Amino acid sequence: MAEQSVLLCTSGYDHTIRFWEALSGICVRTIQHTESQVNRIAISPDKRFLAAAGNPHVRLYDAQSNNGTPITSFEGHTANVTALGFQSAGRWIVTGSEDGSIKIWDIRSPNVQRDYQLKAPVTDVIIHPNQGELVSCDQNGTIKVWDLGENKCTHELVPEEDVPVRSVSMAIDGSILVAGNNKGNVYVWRTKNKGDFTDLEAVKQVSAHKTYITKCLLSPDTRSLVTCSADTTVKIWSSIDHGFEQEKTLKGHQRWVWDAAFSADSAYLVTGSSDNSARLWDLSTAETIRHYNGHQKAVVCVALHDISI
């Protein structure tokens, strides 16, 4: 199998991971992930690996061959793994779980390198663009910043008491941090010195949806924010000058929308939904240009890597 220039993968509750030709909508490969649902997937920066977070394992697959057997397993969580991300050089991954822990794993030797204990189920973890910090959010409604150099939590934010924060995202230049919660609210903080958390300033609260936000994601060009929701819609917000005015609503999914991934040029978006499908959207027109059908149950995670390497 020749190396795919565009890797598009989807997974969820039917225990399969599917690889798609992005433009034709044809499924070109299916991995059976028999032991559990898949909550999160991530593609390594070099496109060699696909990581899949299940319950309670994380499996690493070869993204460039048809071998459906995991290359590596990361064992140590004791509940659903809800967050997953690759370090920019692909040397380690971070995971977060409903067991209340965040773990860092070395790709080459799948041992736990760091283990941070929270007092609540973890809903999302992202790696700061500087690769030296993590940002997590949890079921208690707390956002935490973890300094990998100091090996501790350095900052804590609670936008709304006892309202679970579902998703966090950070601008690629470290200038903005965004969080979405179970009440449908989006919170925005600005770092005065890009990426310096000592100077976090709350700049905006947006009532984005009337029900749960499942995912919030800033675009690679930092000009847009996407919010996915239980209300079946995906909304696009302008993040220019921290305005966060709504620009478009993407309508088409029939049930909850769980996840989204931008193309590298920020022009397209892939989404996954409880309607058992994924979609590719042209953000200039807010139209669906491809449907990815084949999953038998909810599609709760998507991954897209279309950067030439």
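Distances between placed amide hydrogens fall under 5 Å for Thr142 paired with Val165, all partners being 5 or more residues away or on another chain. Within region 1-147, the percentage of alpha carbon pairs spaced more than 26 angstrom apart rounds to 23%.
How much net charge surrounds Gly184 when only the other residues with a Cβ under 15 Å from the Cβ of Gly184 are counted, with Lys and Arg +1 and Asp and Glu -1? Result for the local shell: +4.
Just to be sure I understand the model, the point goes 7 Å from the Cα along the line to the Cβ. What's the resulting Lys297 to Cys27 distance in nm? Between Lys297 and Cys27, the simple spin-label model gives 1.4 nm. Using a probe of 1.4 Å, the accessible surface attributed to Arg91 totals some 140 Å² when neighbouring protein chains are kept in position. Counting only protein chain heavy atoms and rolling a 1.4 Å probe, the accessible areas of His57, His295 rank, largest first, as His57, His295. Excluding the site residues themselves, the longest part of the chain lacking any GluC sites (Glu not before Pro) in a DSSP loop with at most 15 other Cβ atoms within 10 Å is 162-309. Here the accessible area is traced with a 1.4 Å probe on the protein chains. For region 38-157, carbon and sulfur cover 42 percent of it. Cross-link check: pairs Lys192/Lys235; Lys47/Lys215; Lys103/Lys210; Lys47/Lys192; Lys119/Lys297 evaluated at a Cα-Cα cut-off of 29 Å; pairs beyond the cut-off: Lys103/Lys210; Lys47/Lys192; Lys119/Lys297. Taking all protein chains as they are arranged and a probe of 1.4 Å, the heavy atoms of Thr285 leave approximately 70 Å² accessible to solvent.
Near Gln32, once Lys and Arg are set to +1 and Asp and Glu to -1 for all other residues with Cβ below 15 Å from its Cβ, the sum equals +1. Against the criterion of solvent-accessible heavy-atom surface with a 1.4 angstrom probe, Lys210, Lys103, Lys248 sort, most first, into Lys210, Lys248, Lys103.
With Cα atoms defining each centre, region 111-178 and region 22-70 are spaced 25 Å apart in the structure.
The values are calculated or read from the model by the stated rules, or taken from the named source; none is laboratory data. These numbers were taken from a predicted model, which means no experiment stands behind them. No Cβ is skipped: glycine too gets one built from the backbone with ideal geometry, and neighbour counts run over all protein chains shown. Just so you know, the surface numbers come from the protein's heavy atoms only, side chains and all, with ligands and any DNA or RNA stripped out. Shrake-Rupley method; radii C 1.70, N 1.55, O 1.52, S 1.80 Å.
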